[in-house]
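Chemist: Please see the structure below; I have some questions.
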Amino acid sequence: MADGARFTGGLTATAPKGWRNRLMASSRFQTWAAWFPLTRGLVRREGQALFDIMAGFCHSQILMALAELKLPEALLAGPVTVDALVQDTAIPQDRLTILLRGGAAIGMLKLRRGKVSLTQRGAAFATVPGLSAMVRHHRAFYRDLEDPVAFFRGETTTELAEVWPYVFGTGTAIDGTTAQAYSDLMAQSQVLVAQDTLRMVSFDGISKLMDVGGGTGAFLEAVGRANTDISLRLFDLPAVAPAASDRFQDAGLSPRAEVLTGSFKEDVLPDGADAISLVRVLYDHSDTTVADLLAKAFAALPPGGRIIISEPMSGGTRPDKATDAYFALYTLAMRTGRTRSAAEISSLLEAAGFVAITAKRPLRSYVTAVVMAEKPS
Ligand SMILES: C[S@@+](CC[C@H](N)C(=O)[O-])C[C@H]1O[C@@H](n2cnc3c(N)ncnc32)[C@H](O)[C@@H]1O
């Protein structure tokens, strides 16, 4: 687009340049490729892939409807007749049939002889902690993306920006109900994050781990259960952290767990821990805040102390569907932070003085990725 000028009707279509683009755009080539045995499989796969991307928003809405009706959860008890579901959902039979067939088409449900049951995927959806709640919470995100070009231009106000900065940005001024709803969502989805982090990180040699921005302690609980010798310290805002004491009490971890309140924006981080974890914290914040936080973590650690960053990360030079086409948009809508690649996080760690920086290949990029580093001895 010339001189960065605004356009209203989209970019101007131009004649394809270069032999490859000209070939791809030729209808004769397309017809030939769709017929020729060595290329027709590829053509079909590409066509299907394009169609799936185009129809993805309908798939998401089918999932949203199932989640809002809590149908997967209800079907955990066993198959239910369509007639019973008509009663329970107050959706007319003809319309419900379309929803159920859509649910079957995206692999969530099975329909047989007038009965509906869960597939393995549907059962996973109903039982993976926090997943259904996360989907229901997407309503605000859909509204934020309603005009995607305006969204990417930064011309729209976003609902996620109104909700989350209230939690992230205002230090101690958070009301208990907001903090509770937000922390529950985080704690539920933390189960998978903790699972993958524990598989990627060895806690050998760590005597005290401080989890900064540790929410209500779900990550530390998982670490404490898996590593019986580690002392645990949680650091989070005053409206969030106290709930962790109950969790540690229930898990029998209280004797080796402490809960400290404060803000990593306004306060220094307490010393005394030989490792610090930041789980799903950096991507909520600007580069300036992150640089400041990492400098505070560096100052709080002893020589040889370790830092563990765990959060979904961009694929960087190899964009990743889960993170670059989801988390990056989510954090953009939040307006407070961004989804960084392991290389970007490594650079920030290096700038803070950390060495021996290692990025772990994520087990599930949609769950989390890990970068670790050390303070020089
Ligand atoms: C996305 S949540 C992640 C919570 C937890 N680590 C997890 O993965 O489930 C971000 C956490 O950072 C905390 N946080 C945000 N700003 C903070 C600040 N200035 N000081 C301390 N904690 C903060 C929030 O209260 C919240 O618990």
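The values are calculated or read from the model by the stated rules, or taken from the named source; none is laboratory data. These figures come from a predicted structure and were not determined experimentally. We place every Cβ from the backbone using ideal geometry, glycine too, and count neighbours over all the protein chains shown.
Chemist: Do we have Ala126 as under 19 Å from the mean Cα position of the chain (by Cα) and modelled with pLDDT under 70 here?
Modeler: No: the conditions fail for Ala126.
Chemist: Go through Thr331, Thr358, Thr336 for me and flag whichever is polar (S, T, N, Q) and assigned to a strand (DSSP E or B).
Modeler: Thr358
Chemist: If you scan the range 254-290, which residues turn out to be in contact with a strand residue (DSSP E or B) (Cβ under 8 Å, 6 or more places away or on another chain), within 20 Å of Pro376 (Cβ to Cβ), more than 13 Å from the ligand (Cβ to nearest atom) and not in a strand (DSSP E or B)?
Modeler: Listed by number, the residues that qualify are Gly272, Ala273, Asp274.
Chemist: Under the condition of being loosely packed, with under 15 Cβ neighbours inside 10 Å and in a loop (DSSP other than H, G, I, E, B), which residue from the range 291-315 is nearest to the ligand (Cβ to nearest atom)?
Modeler: Once the filter is applied, the top-ranked residue is Pro302.
Chemist: Further question on the same structure: Looking at the range 12-54 only, could you name the residues that are touching a helix residue (DSSP H, G or I) at 6+ places or on another chain (Cβ under 9 Å) and among the β-branched types (Val, Ile, Thr)?
Modeler: Passing the criteria: Thr39, Val43.
Chemist: Let me ask you something else. Name the single residue that is nearest to Phe298 (Cα to Cα) among those in the range 214-231 being assigned to a loop (DSSP other than H, G, I, E, B) and more than 16 Å from the ligand (Cβ to nearest atom).
Modeler: Ile230
Chemist: Pull up the range 191-213, narrow it to residues that are among the acidic types (Asp, Glu) and either more than 20 Å from Ala244 (Cα to Cα) or part of a loop (DSSP other than H, G, I, E, B) (or both), then point me to the one that is nearest to the chain's Cα centre (by Cα).
Modeler: Top of the filtered list is Asp196.
Chemist: A further question follows. Suppose the filter is loosely packed, with under 15 Cβ neighbours inside 10 Å and in contact with a helix residue (DSSP H, G or I) (Cβ under 9 Å, 6 or more places away or on another chain); does Gly107 pass it?
Modeler: In short, yes.
Chemist: Answer yes or no as to whether Ala49 is among the aliphatic types (A, V, I, L, M), closer than 18 Å to Leu111 by Cβ and surrounded by fewer than 12 Cβ atoms within 10 Å (Cβ to Cβ).
Modeler: No: the conditions fail for Ala49.
Chemist: Here is a follow-up. Of everything in the range 159-185 that's assigned to a helix (DSSP H, G or I) and more than 26 Å from Phe125 (Cα to Cα), which residue is modelled with the highest pLDDT?
Modeler: By that ranking, first place goes to Ala161.
Listed here are the residues, each with its yes/no results for (1) crowded, with 20+ Cβ neighbours inside 10 Å; (2) not hydroxyl-bearing (Ser, Thr, Tyr).
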| position | (1), (2) |
| --- | --- |
| Thr331 | yes, no |
| Met334 | yes, yes |
| Ser341 | yes, no |
| Leu349 | yes, yes |
| Phe354 | yes, yes |
| Arg361 | no, yes |
| Arg364 | no, yes |
| Ala373 | yes, yes |
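Chemist: For the range 232-246, which residues satisfy the criterion of being free of Cβ contacts under 8 Å to residues at least 40 places away in the same chain and outside any loop (DSSP other than H, G, I, E, B)?
Modeler: Leu232, Leu234, Phe235, Asp236, Ala244, Ser245, Asp246
Chemist: All but one of (1) among the aliphatic types (A, V, I, L, M); (2) in contact (Cβ under 8 Å) with a residue 40 or more places away in the chain; (3) assigned to a loop (DSSP other than H, G, I, E, B) hold for Ala77, so report the exception by its number.
Modeler: Failed condition: (2).
Chemist: Continuing with this model, one more query. Among the residues that make up the range 144-158, is at least one of them without any contact (Cβ under 8 Å) to a residue 40 or more places away in the chain, assigned to a loop (DSSP other than H, G, I, E, B), in the same structural domain as Ala194 (by TED's automatic domain parsing) and touching a Ser or Thr at 6+ places or on another chain (Cβ under 7 Å)?
Modeler: The answer is yes; a qualifying residue exists.
Chemist: Moving to a separate point now. For the range 236-252, which positions are away from the ligand (no atom under 12 Å from the Cβ) and buried (at least 22 other Cβ atoms within 10 Å of the Cβ)?
Modeler: Phe248, the sole residue that qualifies.
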